[in-house]
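The values are calculated or read from the model by the stated rules, or taken from the named source; none is laboratory data. These numbers were taken from a predicted model, which means no experiment stands behind them. In this analysis, Cβ positions are derived from the backbone assuming ideal geometry, glycine residues included, and neighbour counts consider all displayed protein chains. Accessible surface is based on the protein model in full, side chains and every heavy atom, while ligands, DNA and RNA are left aside. Shrake-Rupley method; radii C 1.70, N 1.55, O 1.52, S 1.80 Å.
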Amino acid sequence: LVNGAGLAMATMDIVKLHGGEPANFLDCGGGVTEGQVFEAFKILTSDPQVKAVLVNIFGGIVNCATIANGITAAARGIDLKIPLIVRLEGTNVDQAKQILKES
C-alpha cells in the first residue's frame, strides 16, 4: 500500500531486489480517508498470494495519522493474520507513530 505510482514502482523494485515477489500494489492516493485505508486492506488481504502487507507512505499531501488510524482499524476489523510492515514519513508522522505504538 503506497501513495503514488512512482513510490509504488520503487517499492516493488526494492522488494524484488531483496528476493521478494510483490503480489500486487495499491496506490491509496493523496486524499485518502481512514475508511479507504480499511477498504484497501480488505482488497489486499483478499488475495491468497499476499503473504504480508508493506505500507510505504511518503506523506506530503497524505496525513500519516489518517493512514495509521486506517491501518489500526483494518488490523482489528479484518482480524489481520499476516505480517504488516509500515513505513511512514511526512505530515503528522510522529502522531501516526504514536497511534501505531498504542494500537
If a helix is a whole DSSP H run, which ones in the chain reach 15 Å or further along their own axis (Cα) and hold a mean Kyte-Doolittle hydropathy of at least -0.5?
5-17, 34-45, 64-77
Take the solvent-accessible surface of the protein heavy atoms, probe 1.4 Å, and return the percent of it on the chain that carbon and sulfur atoms account for.
56
When a/c reaches 1.5 or more, the comparison of a/b and b/c decides; with that in mind, is the range 11-62 rounded, prolate or oblate per its Cα gyration tensor?
oblate
Give Lys16/Lys81; Lys51/Lys97; Lys16/Lys97; Lys16/Lys51 a once-over and call out the pairs whose C-alpha atoms are over 21 Å from each other.
Lys16/Lys81; Lys51/Lys97; Lys16/Lys97
So for the chain, taking the charge dipole from beta-carbon charges (+1 Lys/Arg, -1 Asp/Glu), which of Gln36, Val15, Ser103 sits furthest toward the positive end?
Ser103
Send over a whole-number figure in Å² for the accessible area per residue of the chain, probe 1.4 Å.
57
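Just in the range 33-103: which trypsin sites (Lys or Arg not before Pro) are loop by DSSP and have at most 12 other Cβ atoms within 10 Å? Can you show the working numbers first?
Details: sites: Lys42, Lys51, Arg76, Lys81, Arg87, Lys97, Lys101; in loops: Lys51, Lys81.
Passing sites in the range 33-103 are Lys51, Lys81.
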Show that you can apply the helix-only estimate: for the chain, add -39,500 (n - 2.57) for every DSSP H stretch of four or more residues, divide by all residues, and state [θ] at 222 nm to the nearest 500.
-14500 deg cm²/dmol
Write down the radius of gyration of the chain and its Dmax, each obtained from C-alpha positions, in Å.
12.7, 33
